[in-house]
Amino acid sequence: MNTGDTAWVLVSAALVLLMTPGLAFFYGGMTRAKGVLNMMMMSFGAMAVVGVIWILFGYSAAFGTDVGGGLLGNPFQKFGLQGVLGTGAGAPLLGSIPEIAFVGFQTVFAIIAVALITGAIADRAKFGAWLLFAAIWVSVVYLPVAHWVFSFTKDASGKPTGGWIGQGLGVIDFAGGTAVHINAGAAALALALILGKRKGFGKDPSHRPHNLPFVMLGAGLLWFGWFGFNAGSALGANAVAGYVWINTLAAPCAAILGWLLVERLRDGHATSLGAASGAVAGLVAITPACSALRPVWSMVLGLLAGAVCALAVGLKYRLGIDDSLDVVGVHLVGGIVGTLFIGLAANPTSPAAGRGIFYGGGLELLGRQSIGAFAVFGYSFVLAFAIGWIINKTMGFRISKDHEAAGIDVSLHAESAYDFGGRSSGSFHPLAERLPAAAATRTDARTEAKVNA
């Protein structure tokens with residue numbers, strides 16, 4: 001066991017865990033004042049549900065012994081983390097680190113993948129329905145896909161027995177452009193279609209972000225945690241981690257400029273929301289490619305991702321798809337751009353050792369990257385749509401129109417984020433008088449006006 005490598009992986013796991021509260025701020029600031037708590041609660045709910053599932057059978061299903069064709073690990077092999085909990089000299093290792101440290105690192109990947117989906121269903125999803133969806137989706141979608149992409153186990157003879165995308169197909173995805181971002185983005189698209197549009201989508205000015213400092217704080221926390229997400233995936237304190245770290249800096253810097261350039265040319269001004277969104281778009285795009293590109297090409301990718309994602313976000317109004325907080329436009333599109341760009345600019349001297357078209361590699365790598373990206377997209381979209389449709393037809397997924405008008409925070413959680421003149425923000429007696437929906441709507445309108453002012 002290498003103590004330096006172990007320390008880096010544990011610190012990286014903590015950094016990635018911080019990304020989910022950071023996402024809560026990022027998404028929460030983008031919602032209306034009367035929906036910010038629900039938005040943040042959905043991220044914290046993902047932490048709770050996924051953490052329990054991962055310890056019980058999730059880790060085993062993703063990284064246990066393959067049960068056939070690189071499709072899934074044995075969910076019972078390490079049930080409850082049996083066999084990985086030793087702490088003495090005989091503690092099981094994964095490379096140079098204890099396997100239990102790797103368990104923790106991969107847990108937080110699963111958590112953030114689920115939490116990302118919530119941005120597509122802001123202001124209108126039942127909290128209980130969301131928790132049920134999260135539990136089912138992570139079990140039947142994320143765990144198999146994580147096995148496809150991240151499992152690199154071999155048998156006693158050295159023959160690969162892990163996932164069909166990473167090992168069998170040879171797709172380059174260093175930190176989860178497919179397993180996390182395309183996967184979550186496809187599910188977000190499915191749920192946005194099932195739940196439909198918010199009341200006043202594209203017309204109601206109150207749907208604008210209510211707290212842009214929250215958005216920028218969240219983006220900063222995401223970027224900070226992303227160094228653990230990407231560089232931590234080296235699973236060691238080594239030169240590969242340093243290489244990846246620099247690319248994780250370069251791409252989002254350029255992506256901010258790409259997004260702001262589109263805003264300036266299209267809308268006449270550059271915005272703080274655009275800067276925060278551009279940074280996240282660049283981080284998404286570089287995630288699969290951070291070990292495959294030279295830093296200059298990472299900046300090219302970032303510039304491209306920032307511009308493309310900015311344009312993609314605007315399409316939701318033309319298509320009539322209420323992807324509330326741009327999960328599809330940023331994570332799905334950005335993940336695809338980053339995954340495919342590897343086929344163009346992968347450098348054979350990089351840690352990933354791929355050879356893209358620009359370095360004489362032909363179409364082979366680009367073809368493999370395309371198969372991996374769109375296989376994950378199709379699998380996640382179809383199953384997420386099926387899961388969401390069943391939940392919607394049984395227990396119902398969307399809140400009532402009255403509750404949506406009154407505000408999802410008060411309606412579902414009996415809380416409000418802001419206290420203006422006697423309206424409590426706590427959970428002990430908020431709206432104890434149980435305002436009727438119309439009165440609650442008028443009160444929320446006054447509250448929102450004060451917040452926006």
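Each value in this text was obtained by applying a stated rule to the coordinates, not by laboratory testing. Please read these numbers as outputs of a predicted model, since none were measured by experiment. Virtual Cβ from ideal backbone geometry, glycine too; neighbours counted across all protein chains shown.
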Under 16 Å from the 7 Å Cα→Cβ point of Lys154, by amide nitrogen: which residues of the range 78-103?
-> 94-96
On full extension of the chain, what length is gained from Leu93 through Asp419, given 0.36 nm per residue of separation minus the C-alpha to C-alpha distance?
-> 112.2 nm
How long is the gain from Leu315 to Ser370 if the chain were fully straight, where each residue apart is worth 0.36 nm and the alpha carbon distance is subtracted?
-> 17.5 nm
First select every other residue whose beta carbon is under 15 angstrom from the beta carbon of Phe133; then total the charges, Lys and Arg +1, Asp and Glu -1.
-> +4
Tell me, what ³J(HN,Hα) does each residue in the range 215-229 have, in order and in whole Hz, if you take phi through Karplus 6.51 cos²θ - 1.76 cosθ + 1.60 with θ = phi - 60° and put x for Gly and Pro?
-> 4, 6, 4, x, 4, x, 5, 4, 4, 4, x, 5, 5, x, 4
Computed over the range 151-291: relative contact order in percent, which uses C-alpha pairs under 8 Å that are six or more apart | 29 percent
Once amide hydrogens are built 1.01 Å from N within the peptide plane, the residues lying 5 or more places from Ser151 or on another chain with amide H under 5 Å from its amide H are Gly163
What residues have an amide H closer than 5 Å to that of Leu94, excluding those fewer than 5 places away on the same chain, when H is modeled at 1.01 Å from N in the peptide plane?
-> Glu99
Per residue, the convex hull enclosing the Cα atoms of the range 245-306 spans a volume in Å³ of 56 Å³
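Relative contact order for the range 310-422: what is it in percent, counting Cα pairs under 8 Å that are at least 6 residues apart? Don't jump to the answer; show the numbers that get you there.
Values: 76 pairs, mean separation 14.6, N = 113.
It rounds to 13 percent for the range 310-422.
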Rounded to the nearest 0.05, what FRET efficiency do Ser400 and Ser272 have when you use their Cβ-Cβ distance and R0 = 25 Å?
-> 0.15
In nm, spacing of pseudo-spin labels at Leu81 and Thr349 (7 Å Cα→C-beta vector) = 4.3 nm
Counting pairs of alpha carbon atoms under 8 Å apart in space and at least six apart in sequence, what relative contact order in percent does the chain give?
-> 21 percent
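Can you tell me the length gained on complete extension of the stretch Ile55 to Met1, counting 0.36 nm per residue apart and subtracting the Cα distance? Please list the in-between numbers first.
Numbers: separation 54, 0.36 × 54 = 19.44 nm, distance 2.29 nm.
Extra length from Ile55 to Met1 when fully extended: 17.2 nm.
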Determine, for the chain, the count of lysine pairs separated by eight or more sequence positions (or lying on different chains) whose alpha-carbon distance falls under 18 Å.
-> 19
From phi via Karplus (6.51, -1.76, 1.60), per-residue ³J(HN,Hα) for the range 292-304 in Hz, x at Gly/Pro = 10, 10, 6, x, 5, 5, 4, 5, 4, 4, x, 4, 5
If each K or R counts +1 and each D or E counts -1, the residues other than Gly396 whose Cβ falls under 12 Å of its Cβ total +4
Val382 and Ile246 label points (each 7 Å along its Cα→Cβ direction) are spaced in nm at 4.3 nm
